[in-house]
Amino acid sequence: MTYVDIVTVLAILQFIVFGFKVAGARGKYGIRAPAVTGHEIFERHFRVQQNTLEQLIAFIPALYLFSRYNSPFLAAGLGVVYLIGREVYAATYVKDPAKRSMGFGLTFLPIAILLAGGLIGAVRVSFLR
Amino acid sequence: MTYVDIVTVLAILQFIVFGFKVAGARGKYGIRAPAVTGHEIFERHFRVQQNTLEQLIAFIPALYLFSRYNSPFLAAGLGVVYLIGREVYAATYVKDPAKRSMGFGLTFLPIAILLAGGLIGAVRVSFLR
Amino acid sequence: MTYVDIVTVLAILQFIVFGFKVAGARGKYGIRAPAVTGHEIFERHFRVQQNTLEQLIAFIPALYLFSRYNSPFLAAGLGVVYLIGREVYAATYVKDPAKRSMGFGLTFLPIAILLAGGLIGAVRVSFLR
């Protein structure tokens, strides 16, 4: 599961970078805490970070469950797709929020597969043995 | 712990469904990203999803800690209470936010028990052996 | 890893306390759900809670990865620094958001060390053996 651990750290580091971009936009556009609105570009960076948080709470458990019941290698591979998808999501969202669908799909799809594989595995072991 | 794994996947799927409802309300009420305000019903769906995210970060670790130090079966049972509580919370919140207390309690109570059981177990093993 | 489990429960309990403070401020300043804006002090409490959520999604996995590849004792010790840092962050943020940097640093630094230790450990085991 060590490959999965590497993917987990990379996904968290990616999230932290998104957070730094929010902090940078806060300074650049003069959005003083605790406000989280007031400039369109700031809000895009903020939504990218928040949406990534929503994805991580699904991604990390799903990654380990898939890895346990199926293949750690395949789990890590799906994790790499997730990481790339998040980069696409962030880049497109900041340019034009209306074009965020593809990047979102590229992170949602691997999460869906990881969850399905984890669920099927856990059900099989729980009830079919 | 396989029952606990099933509960974890179900809780994440429930959260994803809440997210789809936010996306649906975004379209229905014309709230364009990155905005997260502008229509009362949209905001209710959004808060349901956000509050569920806040619960999941406590629920998932608490579920596994309770399961490790106490009973995986009891952990899974408390998890089912959580899942039902979240459905009650979501349904009542969207109708009338002032009536969200019972649903909140039905998810907070199992989390509190899971956390307490996990903490007591970890303290006993750490210091009382 | 039982010390790490204790730290995890304490970090979640701390987050729950921050959530209760948000609920308290909601009542005190008359911010009715689903609104999350409308009074400066409420918004400060809310941002403390939300920022802590963002930290927890990094902190909890990082704590266990560091613990697995390095020392559980050191992981727990860094976790205690995180817990103290969050208290400083919350107290200073509510008084004056402009002074939140030190508390933020005191939680970010242990997370950065935990992540780095986890990544280095996972990479070594994956590729250098």
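The values are calculated or read from the model by the stated rules, or taken from the named source; none is laboratory data. Just so you know, these numbers come straight off a predicted model, no measurement behind them. Glycine gets a Cβ as well: all are built from the backbone with ideal geometry, and neighbour counts include every protein chain shown. Ligands, DNA and RNA are stripped out before the accessible areas are found, and what is left, the full protein with its side chains, is counted by its heavy atoms. Shrake-Rupley method; radii C 1.70, N 1.55, O 1.52, S 1.80 Å.
One table, with the values for the structure above:
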quantity: Residue identified as small (Gly, Ala, Ser), more than 17 Å from C:Glu43 (Cα to Cα) and either open to solvent by 50 Å² or more (accessible area, probe 1.4 Å) or within 12 Å of another protein chain (Cβ to nearest Cβ) (or both) among C:Gly105, C:Gly118; calculated: C:Gly118
quantity: Options B:Arg26, B:Arg32: the member that is surrounded by fewer than 22 Cβ atoms within 10 Å (Cβ to Cβ), over 22 Å from C:Ala62 (Cβ atoms) and at the interface with chain A (Cβ under 9 Å from one of its Cβ atoms); calculated: B:Arg32
quantity: Hits in the range B:59-77 - residues which are more than 15 Å from the chain's Cα centre (by Cα), of a type in the set (A, V, I, L, M) and within 10 Å of another protein chain (Cβ to nearest Cβ); calculated: B:Leu65
quantity: Count - residues of the range C:79-102 that are in contact with a Pro (Cβ under 6 Å, 6 or more places away or on another chain) and surrounded by fewer than 15 Cβ atoms within 10 Å (Cβ to Cβ); calculated: 0
quantity: Residue list for the range A:1-17, filter: touching a helix residue (DSSP H, G or I) at 6+ places or on another chain (Cβ under 7 Å) and among the β-branched types (Val, Ile, Thr); calculated: A:Thr2, A:Val4, A:Ile6, A:Val7, A:Thr8, A:Val9, A:Ile12, A:Ile16
quantity: Qualifying residue in the range C:44-58 (condition: at the interface with another protein chain (Cβ under 10 Å from one of its Cβ atoms), out of contact with any helix residue (DSSP H, G or I) (no Cβ under 8 Å at 6 or more places or on another chain), of a type in the set (S, T, N, Q) and under 20 Å from B:Leu56 (Cβ atoms)); calculated: yes
quantity: Any helices (runs of 4 or more DSSP H) falling wholly within the range C:1-116 and containing at least 1 residues that are touching a residue at least 60 places away in the same chain (Cβ under 8 Å) and closer than 24 Å to B:Asn51 by Cβ; calculated: C:2-28, C:72-95
quantity: Residue in the range B:5-13 that is under 10 Å from the mean Cα position of the chain (by Cα) and more than 10 Å from chain A (Cβ to nearest Cβ) present; calculated: no
